[in-house]
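Here's the structure we're looking at; comments come further down.
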Amino acid sequence: MLALAMAAGVLAFSVLALTLFSVLPAKAAVHAAADSAAIAAAESASRSTAERSCSIAAEAASLNGTTLLRCDVSDSEATVAVGRSILATSFSVTARAAVPRAKPTVANGAMPDDELVPVVYPGVRESPPVRLRSDVAAALLRLLEAYHAETGDYLPVDEGYRDLAEQQRVFDQYGWPRAAIPGTSNHGEGTAVDFVNPPVVRWAHPHTWLAANASQFGFEPLTDPDEPWHWNYTG
């Protein structure tokens, strides 16, 4: 009986040792492989199609001894899952990585007209038109449509892109910090939106709706200085 008990103890110790020295390092390797694949997909997403980015992620996963199980690439994030069999047990890990934002290729306030799109929707200022970078304009339209579908009302939009001359005019009128120093405003990159104030003021329904929903469309509020009507597109 003693010998049997000792044998059982040795077996249990062997299983524990196998877990500690084989399974756990393998799991850590799968985590590292997932991170590597996610980063590979994200870094290629800014210059390649989603399909190509996922192919690159699959290559990275394979190089790390894992298999790509899932790959989703959006404008802002890559999500991948990789798997590996460890002692006849399948093990998978999901990882995410942010897609690097392209750096502006033109000076603030000097965007060419062909990179700006007028936003046409009820409630948006018509003359002069509110213009934004094309991806920002598309995101804003989705936001405006969602607000109207939920409330039956329209969010009034008053400002978008400002060229350098317009930034200077606003700065001369309001000064810092109410207005950004000319050449540094988010409006000069075609990524900032000013809603009409009022009704978009803190605690009013249009603002509370934006606070709860705008991030789904890539918009974040300006908090320094505190301007409830000013929202920046971050993707």
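Read-outs: derived from the displayed coordinates by stated rules, not from any lab. The structure presented is a predicted model; accordingly, all values stated were derived computationally and were not measured. Quick reminder, even Gly has a Cβ in these numbers, built from the backbone with ideal geometry, and neighbours come from all protein chains shown.
What the table shows:
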{"quantity": "³J(HN,Hα), Karplus 6.51/-1.76/1.60, whole Hz, each residue of the stretch 60-68, x for Gly, Pro", "calculated": "5, 5, 5, 4, 9, x, 10, 10, 6"}
{"quantity": "Rg followed by Dmax, in Å, when the stretch 113-233 is reduced to its Cα trace", "calculated": "13.6, 39"}
{"quantity": "Quotient of Cα Rg and 2.2 N^0.38 Å for the stretch 34-73, N being how many residues it contains", "calculated": "0.98"}
{"quantity": "Those trypsin sites (Lys or Arg not before Pro) in the stretch 99-207 that DSSP places in a loop and that have at most 13 other beta carbons within 10 Å", "calculated": "101, 178, 202"}
{"quantity": "For 229, 209, order by how many other beta-carbon atoms lie within 10 Å, fewest first", "calculated": "209, 229"}
